[in-house]
Amino acid sequence: MKRIGMLLLGSALALSSGCGGDDQLDCRADGADCTLSEAAAQAGVLIGAAFNEKDDPEYLPALIKDFNSVTHEGAMKWGATQPEYGVFNFDKADAMMEFAGANGMTVRGHTLIWEQASLDATPEYVTAITDPEALRTLMADHIRTVVGHYRGRVDAWDVVNEPFETAGSQVYENIFYQLLGPGYIAEAFELAHEADPDATLFLNEALVSNAGAKFDALLALTADLLDQGVPLHGVGLQGHFITGGPNHDELRTNIQKLAALGVVVELTEVDIVLRGTGDEATRLERQRQDYFDLASACVAVDACKRITFWGFTDRHTWIDSFFGPGFAPLPLDENYERKPAYFGVRDGLLSGP
Ligand code: XIL
């Protein structure tokens, strides 16, 4: 907490010395050297990054410099907020709220319900339940308590994360599905809406940025929930890629199709693992183009309101802990220097009307 407090001063200085503020510099003007948040402000979108606790004094100042929205990689997941049955712990998430508030950043709450085959943070005491009513009561208590704790302070929640199978386009039959039926998704949204009627509530899904059967299934589920009158306000397209993966036209079309249903859209977990052939410069150029394609697809559609990267510097990325080092998926390099990817994002943001 002390370190976060010390950063407040630094951030206030950083913000006042930039080209943001009331008399905003035109980021498209010759010689303008805007940060990502300045470019995003000009584009009318929010720009965010996921972060974590790191023992690295350069980490948070770099986050503050380029972003105006944050998501914690884990502090709001079930395992963190209710590690034991009935025992809530908001220490890490509260520290994030304080940090965000002091630096004028909005917060994406990630995530209330996420029970998947791998990676998720749902404790065993949840997945071990066999009685539907016991799970229903626990789910209601969890959502009411967590969303209620942040009522009026978290502007968007990923209410249900990854309801579909990772590879495939079927709804994943997690513990909630097994005991409560497919209606668990609608129930979760109703509960979150009661706990904070002003929060924008999201369904968030992986591998749906491009065209395909999984996106079609997500679109159909969204339409179905809206038809039922479920308080679903937004859809998050995660956007974990390897270079060469993003497709501008398909992403823009997907965003437009969701927007036509009446929801807002966000790109919620963007990173692009550096792969492919050619020398490093060629691969970095490919990554720059990919980032441009993503950012420009978002700003091309009014309903796309925010882009969140899953990290921001290659020095600290969740990709390393899963696949090892060297995949360099983010806009800033290991020394917090701007990569071609950074300029791809910025140019993409500024490519809109
Ligand atoms: C990841 C975090 O980045 C890691 O720190 C954690 O160990 C596992 O989860 N999709 C999601 C995110 O929705 O919550 C995941 O975050 C990355 C994949």
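The values are calculated or read from the model by the stated rules, or taken from the named source; none is laboratory data. Only a predicted model underlies this, so the values are computations on that prediction, with no experimental measurement involved. Every residue, glycine as well, gets a Cβ built from its backbone with ideal geometry; the counts of neighbours run over all protein chains shown. The accessibility values were calculated without ligands, DNA or RNA, using every heavy atom of the protein model including side chains. Shrake-Rupley method; radii C 1.70, N 1.55, O 1.52, S 1.80 Å.
Looking across the range 81-112, the residues that are surrounded by fewer than 18 Cβ atoms within 10 Å (Cβ to Cβ) and under 19 Å from ILE175 (Cα atoms) come down to PRO83, GLU84, TYR85, GLY86. Of all the residues in the range 270-300, those that are buried (at least 24 other Cβ atoms within 10 Å of the Cβ) and within 16 Å of the ligand (Cβ to nearest atom) number 3. Criterion first (within 16 Å of the ligand (Cβ to nearest atom), buried (at least 18 other Cβ atoms within 10 Å of the Cβ) and in contact (Cβ under 8 Å) with a residue 40 or more places away in the chain) does GLY245 satisfy it? Spelling it out, it is not the case that GLY245 is within 16 Å of the ligand (Cβ to nearest atom), buried (at least 18 other Cβ atoms within 10 Å of the Cβ) and in contact (Cβ under 8 Å) with a residue 40 or more places away in the chain. Report whether or not GLY311 is under 16 Å from the mean Cα position of the chain (by Cα) and assigned to a loop (DSSP other than H, G, I, E, B). Against the criterion (under 16 Å from the mean Cα position of the chain (by Cα) and assigned to a loop (DSSP other than H, G, I, E, B)), GLY311 qualifies. Annotation: of all residues in the range 113-137 being assigned to a helix (DSSP H, G or I) and crowded, with 18+ Cβ neighbours inside 10 Å, the one that is farthest from the ligand (Cβ to nearest atom) is LEU135. Do the conditions hold for ALA167, that is, is it within 28 Å of ALA220 (Cβ to Cβ), within 16 Å of the ligand (Cβ to nearest atom) and surrounded by fewer than 14 Cβ atoms within 10 Å (Cβ to Cβ)? Spelling it out, ALA167 is indeed within 28 Å of ALA220 (Cβ to Cβ), within 16 Å of the ligand (Cβ to nearest atom) and surrounded by fewer than 14 Cβ atoms within 10 Å (Cβ to Cβ). Scanning for something more than 19 Å from the chain's Cα centre (by Cα), at pLDDT 95 or above and closer than 24 Å to ALA223 by Cα, does the range 261-272 turn up at least one residue? There is at least one residue in the range 261-272 that is more than 19 Å from the chain's Cα centre (by Cα), at pLDDT 95 or above and closer than 24 Å to ALA223 by Cα.
Let's see how each residue does on (1) open to solvent by less than 50 Å² (accessible area, probe 1.4 Å); (2) under 27 Å from PHE202 (Cα atoms); (3) touching a residue at least 60 places away in the same chain (Cβ under 8 Å):
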site	(1), (2), (3)
ARG306	yes, yes, yes
LEU330	yes, yes, no
ASP333	yes, no, no
LEU350	yes, yes, yes
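When the range 139-156 is filtered for residues that are surrounded by 17 or more Cβ atoms within 10 Å (Cβ to Cβ) and more than 16 Å from the ligand (Cβ to nearest atom), the ones remaining, listed by number, are MET139, HIS142, ILE143, VAL147, HIS149, TYR150, ASP155. ALA62 falls short of the stated requirement of being open to solvent by less than 50 Å² (accessible area, probe 1.4 Å), more than 16 Å from the ligand (Cβ to nearest atom), more than 15 Å from PHE312 (Cα to Cα) and outside any loop (DSSP other than H, G, I, E, B). Checked against (1) of a type in the set (D, E, K, R); (2) open to solvent by less than 10 Å² (accessible area, probe 1.4 Å); (3) over 27 Å from PRO123 (Cβ atoms), ASP224 passes all but condition (2).
With respect to (1) in contact with an Asp or Glu (Cβ under 9 Å, 6 or more places away or on another chain); (2) outside any helix (DSSP H, G or I); (3) hydroxyl-bearing (Ser, Thr, Tyr), the lone exception for TYR342 is condition (2).
Taking the options GLY311, GLY324, name whichever one is within 16 Å of the ligand (Cβ to nearest atom), surrounded by fewer than 20 Cβ atoms within 10 Å (Cβ to Cβ) and not acidic (Asp, Glu). Result: GLY324 is the single residue among GLY311, GLY324 that is within 16 Å of the ligand (Cβ to nearest atom), surrounded by fewer than 20 Cβ atoms within 10 Å (Cβ to Cβ) and not acidic (Asp, Glu).
Looking at the structure I just gave you, is LEU267 of a type outside the set (S, T, N, Q) and farther than 20 Å from GLU73 by Cβ? Criteria not met by LEU267.
Kindly indicate the residue of the range 200-221 that is closer than 16 Å to GLU266 by Cβ and part of a helix (DSSP H, G or I) and also most open to solvent (accessible area, probe 1.4 Å) among those meeting that condition. Once the filter is applied, the top-ranked residue is LEU219.
Within the range 178-191, not a single residue is surrounded by 20 or more Cβ atoms within 10 Å (Cβ to Cβ), within 15 Å of the ligand (Cβ to nearest atom) and under 21 Å from PHE215 (Cβ atoms). Which residue is farthest from ALA156 (Cα to Cα), if the candidates are limited to the range 42-53 and must be within 11 Å of the ligand (Cβ to nearest atom) and out of contact with any helix residue (DSSP H, G or I) (no Cβ under 6 Å at 6 or more places or on another chain)? Result: GLU53. Can you say whether PHE99 is away from the ligand (no atom under 16 Å from the Cβ), in contact with a helix residue (DSSP H, G or I) (Cβ under 9 Å, 6 or more places away or on another chain) and closer than 24 Å to ASN335 by Cβ, as far as the supplied structure shows? The answer is yes for PHE99. Residues in the range 227-242 that are more than 16 Å from the ligand (Cβ to nearest atom) and open to solvent by 30 Å² or more (accessible area, probe 1.4 Å): 4 in all.
Here is the figure for the range 69-92: residues that are outside any strand (DSSP E or B) and without any contact (Cβ under 8 Å) to a residue 60 or more places away in the chain total 12.
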